[in-house]
Amino acid sequence: MPKPPFVLLVNPWITDFAAFDLWAKPLGLLVLAALLRQGGCGVGFIDCLDRDDPFTNRHPEIMPGKDRAYGTGKYPRAPMAKPDAIQDIPRNYYRYGIHPESCLRRLAETPEPDMVWMTCSMTYWYPGVQLAVGLLRRVWPEVPVWLGGTYARLCPEHARRWTGATAVYTGTQVELPEVLKAATGFSVRNRPAWEILAKAPVPALDLLGRLRYAPILTGTGCPYRCPYCASGLLQPRRERRSADAVFGEIAGWHQLYGVADFAFYDDALLIDAEDSLKPALKRVARELPGLRFHTPNALHVRQLSAQWCDLLAAAGFRTLRLGLETTRPERQREWGGKVEETMFREAVKNLRASGFTAREIGAYLLCGLPGQKPSEVAEAIETVEAEGACPYLAEYSPIPGTPMWRQAVAESPYPVETEPLTHNNSFFAVRRPDFSLEDLEALKEKARRSRRRLLGDAAGGKHKR
C-alpha cells in the first residue's frame with residue numbers, strides 16, 4: 001500500500017467590513033481532520049483566525065483580539081485596502097486573523113505536506129483564500145492546494161479563476177476518499193465513517209489552540225426549503241446522531257478541556273429531536289450542571305412547546321435565537337411557510353414562563369430581500385420588542401443557486417453573478433430607491449435602540465430569571 005499522505009488543513013483569513021467570533025469554528029474542516037486521522041493519514045492544521053497568536057497580538061500593525069461573554073470575542077485585525085467592487089461602502093475594511101508573517105512562521109515549522117486542503121465559508125471572503133494560497137506557494141510551490149467549502153461549492157468557476165488553488169472541490173464528504181485515493185494512491189481504512197454522520201468521529205478540536213467553546217452538530221439538513229437559504233443545497237441529506245453520541249461529545253469536551261460553553265451548529269436543531277437531542281439534554285441537566293448552550297443558527301419557533309422550553313432552561317441554554325424572519329403573513333408564506341406570528345408569540349410566552357429573560361431571547365428578522373419594504377422590517381422590530389425579545393437583523397446576502405437568486409440578479413444593478421464581493425450583506429446588492437443603503441442603516445439603528453430599551457429594562461429587574 002502507498003505511504004499514508006500528510007494533509008495540511010488551512011482555515012484562511014476573513015476579509016470584511018466587520019467580523020466577530022460568535023462561536024465560529026471551521027467545523028467541516030475539523031471533521032475532515034478527524035476522518036483523515038482515523039483513516040490513517042497524517043494531519044496538520046493552521047488556523048489563520050487564531051485569536052491567541054502571541055506574535056500577532058503584539059504586532060504594531062494589528063489591533064489585538066478581545067474576549068467577550070461565553071467564549072466569543074473579537075478577532076485580531078488589520079486595515080486593508082477595499083477591493084474596487086465595494087469601494088462605495090463608507091466603512092473601513094479589514095483582514096481578520098493572524099499576521100501573515102505568523103502564518104509563514106507556522107508553515108516553516110510544518111513538514112512539507114503531500115497536499116493542502118482549505119475551506120472558505122462566505123463567498124465574499126475569497127481574498128483571504130488568495131492570500132493563503134499565495135503564502136503556501138511561496139513556501140511549497142509544487143504542493144497541490146485543494147479548495148472546498150461553501151464558496152467553492154456555490155462559486156466554483158470564480159474560485160478556479162481567482163484563488164490560485166490547484167483544484168476546486170465541489171462534491172460532498174462522501175466522495176472524498178475516492179478523490180484522495182486517485183490523487184495519492186492511498187485508501188483510507190475508515191471508508192464507512194465518511195458516508196454516515198452517525199459513524200463519523202468527533203471533530204478534531206484538539207488541533208485548535210485555547211478551547212473557549214465547542215461547536216456541536218446533532219444533525220444535518222433542514223426539512224424546509226426557504227427561497228433565500230442554501231441549506232438544502234449544501235446539506236441535502238437529513239441525518240441525526242444518537243442521544244448517547246451527542247451527550248458523549250459534550251461530556252468529553254467538558255472533561256478533557258473544561259469547556260463550559262457549547263454552540264449548536266444545526267440548521268434544524270429541535271426538529272425530529274425527540275429521540276436524539278431531547279434525551280441528551282435530559283442527561284446534561286442531571287449529570288452536567290453548569291454548562292451553557294447557545295443557538296447562533298436560530299431555532300424553529302414552532303417546536304418551542306412549554307415542555308421543550310422547560311428542558312432548554314434546565315439544560316443551561318443561555319443564548320436563544322429564534323427564526324421569525326418577518327411578521328407579514330404573505331411574506332411568511334412566500335418565504336417558506338415555516339413560521340407564523342402566532343407561533344412566535346406562543347414560543348416567547350413559553351420561554352418567558354420557563355425563566356428566560358429578554359437578554360437571552362433574540363429573534364432574527366430578514367432585511368433587504370427582493371421586493372421587501374423598509375416598513376415591513378420596522379413593523380417586525382416593533383412586534384418583537386413588544387413581545388419582550390431582542391430583534392436582530394439578518395441582512396440579505398444573495399446566494400447562488402437558491403430560488404431567490406435569479407430575482408436578486410434581476411433587481412441588483414451590481415455584478416452579483418460575476419463578483420462574489422457584492423454578496424456581502426454590508427454591501428447590500430439589491431438596494432434600490434425604495435430600500436436604500438440609508439434605509440438599511442436606519443433599520444439597524446432602530447433594532448439597536450430596541451435592544452437597548454429591552455436590556456435596560458432587564459437590568460432594572462423587569463425580566464430577571
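The values are calculated or read from the model by the stated rules, or taken from the named source; none is laboratory data. Quick caveat: nothing in here was measured; it's all calculated off a predicted structure. Using ideal geometry, Cβ is built from the backbone for each residue, glycine included, and neighbour counts are taken over all protein chains shown. Keep in mind that these areas ignore ligands, DNA and RNA; they rest on the heavy atoms of the full protein, side chains included. Shrake-Rupley method; radii C 1.70, N 1.55, O 1.52, S 1.80 Å.
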Report yes if residue 316 is in contact with a strand residue (DSSP E or B) (Cβ under 9 Å, 6 or more places away or on another chain) and at pLDDT below 95, otherwise no.
no
Could you grab me the full set of residues in the range 271-291 that are in contact with a Leu (Cβ under 8 Å, 6 or more places away or on another chain) and buried (at least 21 other Cβ atoms within 10 Å of the Cβ)?
277, 281, 284
Under 7 Å by Cβ, and 6 or more places apart or on different chains, what pairs join a residue from the range 1-12 that is within 13 Å of residue 119 (Cα to Cα) with one that is assigned to a loop (DSSP other than H, G, I, E, B) and among the hydroxyl-bearing types (Ser, Thr, Tyr)?
8/110; 11/119
Take the range 147-198 and flag every residue that is more than 16 Å from residue 32 (Cα to Cα) and of a type in the set (Lys, Arg).
153, 160, 161
Scan of the range 109-164 for residues that are open to solvent by less than 20 Å² (accessible area, probe 1.4 Å) and either assigned to a strand (DSSP E or B) or of a type in the set (Lys, Arg) (or both), ordered by number:
115, 116, 117, 118, 145, 147
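So is residue 198 in a helix (DSSP H, G or I), touching a residue at least 24 places away in the same chain (Cβ under 8 Å), surrounded by fewer than 16 Cβ atoms within 10 Å (Cβ to Cβ) and of a type in the set (A, V, I, L, M, F, W, C) or not?
yes
So, residue 163, is that one β-branched (Val, Ile, Thr) and under 23 Å from the mean Cα position of the chain (by Cα) or not? Please lay out each step first, then the result.
Working: β-branched (Val, Ile, Thr): yes; under 23 Å from the mean Cα position of the chain (by Cα): yes.
Spelling it out, residue 163 is indeed β-branched (Val, Ile, Thr) and under 23 Å from the mean Cα position of the chain (by Cα).
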Residue hits (the range 297-325; in contact with a helix residue (DSSP H, G or I) (Cβ under 6 Å, 6 or more places away or on another chain) and either within 19 Å of residue 346 (Cα to Cα) or open to solvent by 10 Å² or more (accessible area, probe 1.4 Å) (or both)) are 301, 302, 304, 306, 309, 311, 314, 322, 324
Can you pull out every residue in the range 285-318 that is touching a residue at least 60 places away in the same chain (Cβ under 8 Å) and of a type in the set (D, E, K, R)?
292, 318
Among the residues listed as 386, 394, 378, 353, the single one being surrounded by fewer than 22 Cβ atoms within 10 Å (Cβ to Cβ), without any contact (Cβ under 8 Å) to a residue 24 or more places away in the chain and among the hydrophobic types (A, V, I, L, M, F, W, C):
386
What about residue 268, is it in a loop (DSSP other than H, G, I, E, B), in contact (Cβ under 8 Å) with a residue 40 or more places away in the chain and open to solvent by less than 10 Å² (accessible area, probe 1.4 Å)?
yes
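Could you pull out the residue among 90, 83 that is free of Cβ contacts under 8 Å to residues at least 60 places away in the same chain and surrounded by fewer than 17 Cβ atoms within 10 Å (Cβ to Cβ)?
Numbers: 83 fails: free of Cβ contacts under 8 Å to residues at least 60 places away in the same chain.
One residue alone meets the criteria, 90.
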For residue 66, state whether it is in contact with a Gly (Cβ under 6 Å, 6 or more places away or on another chain), touching a residue at least 12 places away in the same chain (Cβ under 8 Å) and surrounded by fewer than 21 Cβ atoms within 10 Å (Cβ to Cβ).
no
Which numbered condition residue 294 misses (of (1) open to solvent by 10 Å² or more (accessible area, probe 1.4 Å); (2) out of contact with any Gly (no Cβ under 8 Å at 6 or more places or on another chain); (3) not aliphatic (A, V, I, L, M)):
(1)
